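Worksheet for the structure shown next.
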């Protein structure tokens with residue numbers, strides 16, 4: 001075999017290996033992109049759930065809701081003015 005033929009075979013093998021490398025790299029890039037999109041979708045879903053939970057927490061913690069629960073479940077009533085005692089400032093409180 002001549003040197004030129006051997007050189008052509010080696011160069012053809014290198015070109016083929018390079019082409020396979022490009023295909024593999026593009027496939028891996030696509031896989032990573034798909035994973036990235038899935039992570040973004042999960043993030044968006046979690047952000048939506050977090051917002052809904054904050055809204056629900058704010059709803060459960062409203063003054064009217066707490067007052068209604070205190071009256072209905074615990075039988076509490078608002079005391080009359082004659083039963084309210086105001087505590088003044090004490091010397092140990094800072």
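Just to be sure before I move on: is residue 19 out of contact with any helix residue (DSSP H, G or I) (no Cβ under 6 Å at 6 or more places or on another chain) and modelled with pLDDT of 90 or more in the structure I sent? So residue 19 fits the description; yes. Close contacts from the range 34-49, counting a first residue that is free of Cβ contacts under 8 Å to residues at least 40 places away in the same chain and a second that is exposed (fewer than 10 other Cβ atoms within 10 Å of the Cβ), with Cβ to Cβ under 7 Å and a gap of 6+ residues or different chains, come to none at all.
Does residue 8 satisfy the condition of being loosely packed, with under 10 Cβ neighbours inside 10 Å and either in contact (Cβ under 8 Å) with a residue 24 or more places away in the chain or in a helix (DSSP H, G or I) (or both)?
Values: loosely packed, with under 10 Cβ neighbours inside 10 Å: no; either in contact (Cβ under 8 Å) with a residue 24 or more places away in the chain or in a helix (DSSP H, G or I) (or both): yes.
Judged against the criteria, residue 8 is not a match.
Might you check whether a residue that is outside any helix (DSSP H, G or I), over 24 Å from the mean Cα position of the chain (by Cα) and surrounded by 10 or more Cβ atoms within 10 Å (Cβ to Cβ) occurs anywhere in the range 52-73?
Here is the first cut: in the range 52-73, the ones outside any helix (DSSP H, G or I) are 61-62, 73.
From what's left, over 24 Å from the mean Cα position of the chain (by Cα): 62, 73.
Next cut, surrounded by 10 or more Cβ atoms within 10 Å (Cβ to Cβ) only: 62.
Yes, some residue in the range 52-73 is outside any helix (DSSP H, G or I), over 24 Å from the mean Cα position of the chain (by Cα) and surrounded by 10 or more Cβ atoms within 10 Å (Cβ to Cβ).
The values are calculated or read from the model by the stated rules, or taken from the named source; none is laboratory data. Quick caveat, the model's predicted, so the values are computed rather than measured. Cβ sites come from the backbone with ideal geometry, for glycine too, and all protein chains shown count toward neighbours.
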